[in-house]
Amino acid sequence: MSDQQQEPERTAAGEGEHLLSQLVAHLREHRTRLREEWAQRIQQAHLLNAMTPQEMSAETTSVYDNYVEVLETGSVEALQHYARDLSERIIPRGVETHEVVGIVLLLRDVLARSLFEKYQRDFGLLNEVLDAYEPAANRIANTVAVSFVDERERVIRQQQDAIRELSTPVLPVRERLLILPIIGVLDSERARQLTEQLLSGIRKHRARVVVIDITGSPDVDQTVANHLVQTVDASRLMGASVIITGLSPKIAQTLVTIGVDLSKMNTIGDLQGGLEEAERLLGYTVTRKEGGTSS
Amino acid sequence: MNGGPALVSIMRQGSNLIASVHTALDDSELVRFERDLVDQIGEFRSRGVIIDVAALDVIDSFAALTLRRIAEMARLRGAVTVLVGIQPEVAFTMVRLGIGTGDVPTALDLEEGLEMLARTAPHPASGADGRR
């Protein structure tokens, strides 16, 4: 973006600047009227429905002032900050990219029309004014859109990280026994993260047996199966044995069909069986007390 | 290799030998380590060997091979070898590179390793029933 910033039209620099300052003065002078016209256009276009009229009024005023300031100074930095701030505020309310771009383009249009009106008598001058105005206006639209999308991507990344953190819990159920329920689709990145978490969990809880339950995982492909094998091997290097449970018939079929070597893997039908086996390995015996309430 | 701190210490504990690797070993140091350790197994008539690699932040294929060789030689000389202290990152890297420890049993740390030896190689001298 900064590259574009550095290269405004150099040809008529002095002339352009003069025109711009004239233009800025014009926009400042008619600020209230133009802003209201803009707000009306936004309403007509049904944009920013998620915001209350008061918020709209406040935001449109700020956007307008920022807009004029960029025209005046040629620096988009302040606008960038503002756009990012604005995005942070409105993204959680479900404002879409097209709305944000839409309102900026509307403002551009409103201002351009007022310029037409002002200079309609002198076509040559109007052309020059537009030459000065258009590149700046384009840059502003660009900046706002990019800032909004950047902010949105940042939020998405943040949420993905949060989901990842949440989605692979390593749970100690008994001394030396961990359970790792896998819910949802495993991709390579998640599989890697899961292995890392499991290995540090093994060290932290001094686990000797780990039960990995993949009941909640809809599908397993070659890559994921290999990751599972690696996880098992790595756990073994740290002295823990792994039991895999909850392989659905479909997954079992897939694994055999694609020919992943699972002969070294200790697999048991369901989580209950896996826990029983783990308890056996660790030397626990669980007995039900006489008169217990279970049916 | 003379002078400077020892790269490996080999200690005797009851009928077991405990070898701690303190720092990354290059290939010739590994070879020497292998020779020293196997010598000592015979000398002390050890029944169990623990190799503690907790201080290593990388185990390459030659190191893994050496460890497997040591375990096999120890077996031939009547001792069970347990590899202990592989760090999570090291374990992960090893499996990604396809480096394994073969049939050498592994345990989390020294304590677990000793316990494992007590379970798998009950020794008449240790008195008890060999469990725990």
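Taking the conditions exactly as written (free of Cβ contacts under 8 Å to residues at least 40 places away in the same chain and assigned to a helix (DSSP H, G or I)), does A:His46 satisfy them or not? Talk me through it step by step, then tell me what you get.
Details: free of Cβ contacts under 8 Å to residues at least 40 places away in the same chain: yes; assigned to a helix (DSSP H, G or I): no.
Criteria not met by A:His46.
Being surrounded by 16 or more Cβ atoms within 10 Å (Cβ to Cβ), among the small types (Gly, Ala, Ser) and free of Cβ contacts under 8 Å to residues at least 40 places away in the same chain is the filter; apply it to the stretch B:70-99 and report the residue that is farthest from A:Ala240 (Cα to Cα). Full working, then the answer.
As a first pass, look at the stretch B:70-99 and keep what is surrounded by 16 or more Cβ atoms within 10 Å (Cβ to Cβ): B:70-71, B:73-74, B:79-88, B:90-95, B:99.
Of the ones still in play, those that are also among the small types (Gly, Ala, Ser) are B:71, B:74, B:79, B:85, B:91.
Next, only the ones that are free of Cβ contacts under 8 Å to residues at least 40 places away in the same chain stay: B:71, B:74, B:85, B:91.
Numbers: B:Ala71: 19, B:Ala74: 23, B:Gly85: 12, B:Ala91: 12 Å.
Top of the filtered list is B:Ala74.
Give just the number: which of (1) among the aliphatic types (A, V, I, L, M); (2) buried (at least 18 other Cβ atoms within 10 Å of the Cβ); (3) part of a helix (DSSP H, G or I); (4) over 11 Å from the mean Cα position of the chain (by Cα) does B:Leu67 not satisfy?
Among (1) among the aliphatic types (A, V, I, L, M); (2) buried (at least 18 other Cβ atoms within 10 Å of the Cβ); (3) part of a helix (DSSP H, G or I); (4) over 11 Å from the mean Cα position of the chain (by Cα), B:Leu67 violates only (4).
Is there a residue being within 35 Å of the chain's Cα centre (by Cα) and within 28 Å of B:Thr101 (Cβ to Cβ) anywhere in the stretch A:271-294? Spell out the reasoning first.
Within the stretch A:271-294, the first condition is being within 35 Å of the chain's Cα centre (by Cα), and the residues that meet it are A:271.
Add one more test, that the residue is within 28 Å of B:Thr101 (Cβ to Cβ), and what stays is none.
For the stretch A:271-294, residues within 35 Å of the chain's Cα centre (by Cα) and within 28 Å of B:Thr101 (Cβ to Cβ): absent.
Could you tell me which of the residues A:Ala225, A:Ala252, A:Ala191 is modelled with pLDDT under 90, farther than 17 Å from B:Ala107 by Cα, surrounded by fewer than 19 Cβ atoms within 10 Å (Cβ to Cβ) and hydrophobic (A, V, I, L, M, F, W, C)?
Values: A:Ala225 fails: surrounded by fewer than 19 Cβ atoms within 10 Å (Cβ to Cβ); A:Ala191 fails: surrounded by fewer than 19 Cβ atoms within 10 Å (Cβ to Cβ).
Checking each option against the conditions leaves just A:Ala252.
I'm checking my understanding of the structure. Among residues of the stretch B:44-64 that are more than 26 Å from A:Arg203 (Cβ to Cβ) and in contact with a strand residue (DSSP E or B) (Cβ under 9 Å, 6 or more places away or on another chain), which one is surrounded by the most Cβ atoms within 10 Å (Cβ to Cβ)?
Once the filter is applied, the top-ranked residue is B:Ser46.
Could you tell me whether A:Val224 is assigned to a helix (DSSP H, G or I), within 12 Å of another protein chain (Cβ to nearest Cβ) and either free of Cβ contacts under 8 Å to residues at least 12 places away in the same chain or of a type in the set (Val, Ile, Thr) (or both)? Steps first, please.
Details: assigned to a helix (DSSP H, G or I): yes; within 12 Å of another protein chain (Cβ to nearest Cβ): no; either free of Cβ contacts under 8 Å to residues at least 12 places away in the same chain or of a type in the set (Val, Ile, Thr) (or both): yes.
Answer is no for this residue.
Residue-by-condition table, conditions (1) surrounded by 15 or more Cβ atoms within 10 Å (Cβ to Cβ); (2) closer than 15 Å to B:Phe92 by Cα; (3) modelled with pLDDT of 85 or more:
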| residue | (1), (2), (3) |
| --- | --- |
| A:Gly184 | no, no, no |
| A:Gly201 | yes, yes, yes |
| A:Leu262 | yes, no, no |
| A:Asp270 | no, no, yes |
| A:Leu275 | yes, no, yes |
| A:Thr285 | no, no, yes |
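Mind telling me which of the residues A:Thr215, A:Thr257 ends up being under 32 Å from the mean Cα position of the chain (by Cα), surrounded by fewer than 20 Cβ atoms within 10 Å (Cβ to Cβ), more than 12 Å from every other protein chain (Cβ to nearest Cβ) and of a type in the set (Ser, Thr, Tyr)?
On the way: A:Thr257 fails: under 32 Å from the mean Cα position of the chain (by Cα).
Being under 32 Å from the mean Cα position of the chain (by Cα), surrounded by fewer than 20 Cβ atoms within 10 Å (Cβ to Cβ), more than 12 Å from every other protein chain (Cβ to nearest Cβ) and of a type in the set (Ser, Thr, Tyr) holds for just one of A:Thr215, A:Thr257, which is A:Thr215.
Can you pull out the residues in the stretch A:85-110 that are farther than 24 Å from A:Asp131 by Cβ and surrounded by 16 or more Cβ atoms within 10 Å (Cβ to Cβ)? Can you show your working first?
Residues of the stretch A:85-110 that are farther than 24 Å from A:Asp131 by Cβ, as a first pass: A:85-100, A:102-103.
Hits for the stretch A:85-110 are A:Leu86, A:Ser87, A:Ile90, A:Ile91, A:Val95, A:Glu99, A:Val100, A:Gly102, A:Ile103.
Just the residues that are of a type in the set (Val, Ile, Thr) and closer than 23 Å to A:Pro172 by Cβ, please, taken from the stretch A:284-295.
Here is the first cut: in the stretch A:284-295, the residues of a type in the set (Val, Ile, Thr) are A:285-287, A:293.
Answer for the stretch A:284-295, where residues must be of a type in the set (Val, Ile, Thr) and closer than 23 Å to A:Pro172 by Cβ: A:Thr285, A:Val286, A:Thr287.
If you go through the stretch A:228-283 one residue at a time, how many are within 19 Å of A:Pro172 (Cβ to Cβ), out of contact with any strand residue (DSSP E or B) (no Cβ under 9 Å at 6 or more places or on another chain) and part of a helix (DSSP H, G or I)?
Matching residues across the stretch A:228-283 total 2.
Quick test for you: out of A:Arg192, A:Arg176, pick the one residue that is in contact (Cβ under 8 Å) with a residue 24 or more places away in the chain, closer than 22 Å to B:Leu83 by Cα and among the basic types (Lys, Arg). Explain how you work it out, then say what you get.
On the way: A:Arg192 fails: closer than 22 Å to B:Leu83 by Cα.
Answer to the check: A:Arg176.
Test A:Val242 against the criterion of being under 30 Å from B:Gly85 (Cα atoms), under 35 Å from the mean Cα position of the chain (by Cα) and more than 9 Å from chain B (Cβ to nearest Cβ), and give yes or no.
Details: under 30 Å from B:Gly85 (Cα atoms): yes; under 35 Å from the mean Cα position of the chain (by Cα): yes; more than 9 Å from chain B (Cβ to nearest Cβ): yes.
Taking the combined requirement at face value, the residue satisfies it.
Quick check on the stretch B:68-77. Is at least one of its residues of a type in the set (Val, Ile, Thr) and at pLDDT below 90? Please lay out each step first, then the result.
Within the stretch B:68-77, the first condition is being of a type in the set (Val, Ile, Thr), and the residues that meet it are B:70.
Checking which are at pLDDT below 90 leaves us with none.
Within the stretch B:68-77, not a single residue is of a type in the set (Val, Ile, Thr) and at pLDDT below 90.
Sort through A:Gly246, A:Gly239 and tell me the only one that's under 29 Å from B:Glu111 (Cβ atoms) and surrounded by 17 or more Cβ atoms within 10 Å (Cβ to Cβ).
One residue alone meets the criteria, A:Gly239.
Which of the strands (runs of 3 or more DSSP E) contained wholly in the stretch A:133-219 include at least 3 residues that are of a type in the set (D, E, K, R) and under 30 Å from A:Gln22 (Cα atoms)?
Details: elements: A:171-174, A:177-183, A:209-216.
Where strands (runs of 3 or more DSSP E) fall fully within the stretch A:133-219, none carries at least 3 residues being of a type in the set (D, E, K, R) and under 30 Å from A:Gln22 (Cα atoms).
The values are calculated or read from the model by the stated rules, or taken from the named source; none is laboratory data. Note that this is a predicted model, so its numbers are computed, not measured. Heads up, the Cβs are rebuilt from the backbone with ideal geometry, glycines too, and the neighbour counts pull from every protein chain shown.
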